[in-house]
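Nothing in this text is a laboratory measurement; each read-out follows from the coordinates by a stated rule. The structure displayed is predicted, hence computed values, not measured ones. Note that we place each Cβ from the backbone using ideal geometry, even for glycine, and neighbour counts take in every protein chain shown.
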């Protein structure tokens, strides 16, 4: 498994929808929110992804 961190900008509904789609693919992700300097915010997703490890196993 590989630990990953993704950062999303939340300035509109598009950003929120992107985070929602991400959570459907990675339901175990832990989200943190940080208020941005302007009117938006950042969503920081911390999760483990085993897809890359699966690809390595198939190649071996």
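Things to note:
- Ordering 44, 5 from the fewest to the most neighbouring beta carbons within 10 Å gives 5, 44.
- Rough spin-label spacing in nm, given labels placed 7 Å along Cα→Cβ, for residue 49 and residue 4: 0.1 nm
- Label point distance in nm, residue 17-residue 38, each placed 7 Å from Cα along Cα→Cβ: 2.0 nm
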